[in-house]
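Beneath this line is the structure, given in structure tokens, with notes to follow.
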Amino acid sequence: MGWVRGAVGGLPGVYWFLWAGLLINRVGGFAVLYLSLYLTAERGAGAALAGLVVGTYGIGGVAGTLAGGVLTDRWGRRSTLIWSHLGCAAVLVALAFSTPLPLIAGLCLLLGLTQAMPGPAFVAAITDAVPADHRLRAFNLQFWAFNLGTAGASLLAGALARWSYLGLFLLDATSTLVTALIIAWKVPETLTRTSRSEPSAGGMRTVFADRIFLAFVGLTLLQALLSSQTTTIVPLAMHDDGLGPGAYGLVTALGGALIVGGQLFVPGFIDRRRKDRVLALSMAVMAAGFAVLAVADSLAVYLVAAVIWTVGGMIAAPPNAAINSELAPTLLRGRYQAVFYLSFPAAAFMAPALGGAGLEWLGAGHWVIVAIVGLVAAGLHLAAGPARERRVAAGRAASTEHIGQPHSG
């Protein structure tokens, strides 16, 4: 079919091995989903203690994201991917056989560290390997694989947890090891030897001095704050409306089904459109979805809202990743990815902290405020877009001029 060729055609083989490794790793990444239940059911921890132990995973994730970004630029994409996956597999095996809660807490921190480290390296390697005019589709497929793998992990995790928690951890470790082997076998280093020998142009100082990039990260944080409502505040609102966990499960499943079934059609819709306008549209659509919740009082209305905000998130994912890759200098791609990804754990903390208070004090008015935030973000994308476009165009012109210059010999 023509749309299939348009969605997946023309991408290099290295990309597909990276894609396959990401998918396998996500399908097998079910241990974290049941970590809190494992601590309470198998290790005798109370809910509060289990929450603290699982919280160490988040702390490790922040550290792992930053460390992964630095290692991706200094050590290389391939080495970071291989060794972080091998380390993660070893941590999962250790978790499977550990019983003291302090030891489990330390291993949870290491699990967060090692599972977060490959993120910047994956995106940097894709950016290195895929030509600029194909990256939008490449990142769209990456987002699709991530969600397809997460959906598969959710389906498998329940059955595995009923069978054996030990088996759950060990199979997760196996899938992580398989990913490392695929990368070691089929993925070459995409950071060239010449680039690795050059200085890294200021390191993190350069990243945090890049105002255009930081403005983009700030807008991504606003989007992440909206997206995080679906996993933190929406369940509370549904509970207040007398809807149980089963109803929330349907809302979540509908969103996942839309992404798995529809994400491949997104490139055809957004291709050849300016990324700032696509992101502005995305934020406006998400705002409309959350505005619906201001009048939601039944499962049917929540399902309609879920369709709207999911569509908004689907069209945002490819341009977000593409802009990030365009703004990052080659030698700092890992660090730029790390700072970009920090917006998501930040939102995971801020959304429940602010959203819970908003829902309690304002009720339905909370969703009006969320919708306004989305509309403000849409306007800010339109305002910030031209500067991003000029920056990218200047970078391409400089690259073309450099390529066209004769080499001195």
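The values are calculated or read from the model by the stated rules, or taken from the named source; none is laboratory data. Quantities reported herein were computed from a predicted structural model and do not represent experimental measurements. Please note: Cβ atoms are built from the backbone with ideal geometry, for glycine as well, and neighbour counts cover all protein chains shown. Side chains included, ligands, DNA and RNA excluded: accessible areas come from the protein's heavy atoms. Shrake-Rupley method; radii C 1.70, N 1.55, O 1.52, S 1.80 Å.
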Q) Hey, L155 hits all of (1) farther than 13 Å from G28 by Cβ; (2) modelled with pLDDT under 90 but one; which does it fall short on? A) (1)
Q: Could you grab the pairs with beta carbons closer than 9 Å, sequence gap of 6+ or different chains, first residue in region 215-226 and more than 17 Å from I315 (Cα to Cα) and open to solvent by 10 Å² or more (accessible area, probe 1.4 Å), second one at pLDDT below 95 and of a type in the set (D, E, K, R)?
A: A215/R388
Q. Can you name every residue in region 296-311 that is touching a residue at least 40 places away in the same chain (Cβ under 8 Å) and either among the basic types (K, R) or under 21 Å from M283 (Cα atoms) (or both)?
A. A296, Y302, L303, A306, V307, W309, T310, V311
Q: May I ask you to verify whether V285 is out of contact with any Phe, Trp or Tyr (no Cβ under 8 Å at 6 or more places or on another chain), in contact (Cβ under 8 Å) with a residue 12 or more places away in the chain and β-branched (V, I, T)?
A: no
**Q.** Candidate set: region 290-348, residues that are closer than 25 Å to L362 by Cα and not in a helix (DSSP H, G or I); chosen: the one least open to solvent (accessible area, probe 1.4 Å)
**A.** A296
